[in-house]
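To start, the structure itself, in structure tokens.
The values are calculated or read from the model by the stated rules, or taken from the named source; none is laboratory data. For clarity, every value in this text was computed on a predicted model and none was experimentally measured. Every residue, glycine among them, receives a Cβ derived from its backbone with ideal geometry; neighbour counts consider all protein chains shown. To get the accessible areas, we keep the full protein, side chains included, count just its heavy atoms, and leave off ligands, DNA and RNA. Shrake-Rupley method; radii C 1.70, N 1.55, O 1.52, S 1.80 Å.
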Amino acid sequence: MASQAAAASNNKLSPAFAYTVVYVRDVAKSVAFYANAFGYSVRRLDESNKWGELESGQTTIAFTPSHQHETDDITGAVAVQINPAGADDKSERPPVELCFAYADVDAAYKRAVENGAEAVHEPEEKVWGQKVGYVRDIDGIVVRMGSYVNPPTSH
């Protein structure tokens, strides 16, 4: 009985990765950009335009403004991108990269660029067996677009 109670307690403390929050200049524009460029469905965009979410499987991609009470006053100011998309100097970037997996990386890369993503590097085969290309979003965040290293299995 004690081991069942311990197991139940451990289950309550086992985390699930729920959100990746991306801090952006304009939430509504970013939500629309990601929907069009990368093929995500919009889950919600609140009326204040201070929170938006995309359907992305088990983990939600969320967008919120770079500067707001919750960050600046409570957890600390968000370091704003040094060189946003379109800037000439690309020697620095934020210490985060979003990675999206696609069955057809070439077609996904083409769609992203056609919908406003800045081309960084066209897809190419990597030695570990993955095809990978890179773009920047409208805030200068690098987005890796890659094939599945091991294709997902159907259950």
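Things worth noting here:
- Check on Val149, over 16 Å from Ala32 (Cα atoms) and either modelled with pLDDT under 95 or in a helix (DSSP H, G or I) (or both): yes
- Pairs where the first residue, in the stretch 31-45, is of a type in the set (A, V, I, L, M) and open to solvent by less than 20 Å² (accessible area, probe 1.4 Å) and the second is in a loop (DSSP other than H, G, I, E, B) and at pLDDT 95 or above, C-beta under 7 Å, 6+ apart: Ala37/Asn115; Ala37/Gly116; Ala37/Ala117
- When residues of the stretch 46-68 are limited to those that are charged (D, E, K, R) and assigned to a loop (DSSP other than H, G, I, E, B), the one least open to solvent (accessible area, probe 1.4 Å): Asp46
- Test: residue in the stretch 123-146 that is in contact (Cβ under 8 Å) with a residue 24 or more places away in the chain, in contact with a Cys (Cβ under 7 Å, 6 or more places away or on another chain) and either polar (S, T, N, Q) or surrounded by 12 or more Cβ atoms within 10 Å (Cβ to Cβ) (or both): yes
- Looking across the stretch 69-80, the residues that are exposed (fewer than 14 other Cβ atoms within 10 Å of the Cβ) and outside any loop (DSSP other than H, G, I, E, B) come down to His69, Glu70, Asp72, Asp73, Ile74, Thr75.
- Selection of the stretch 73-118 for residues being modelled with pLDDT of 80 or more, in contact with a strand residue (DSSP E or B) (Cβ under 6 Å, 6 or more places away or on another chain) and farther than 24 Å from Gly57 by Cα yields only Glu118.
- Cβ-Cβ distances below 6 Å connect the following pairs, each with a first residue in the stretch 1-26 that is under 24 Å from Lys50 (Cβ atoms) and open to solvent by 90 Å² or more (accessible area, probe 1.4 Å), a second residue that is aliphatic (A, V, I, L, M) and modelled with pLDDT of 85 or more, and a separation of six or more residues or different chains: Tyr19/Ala62.
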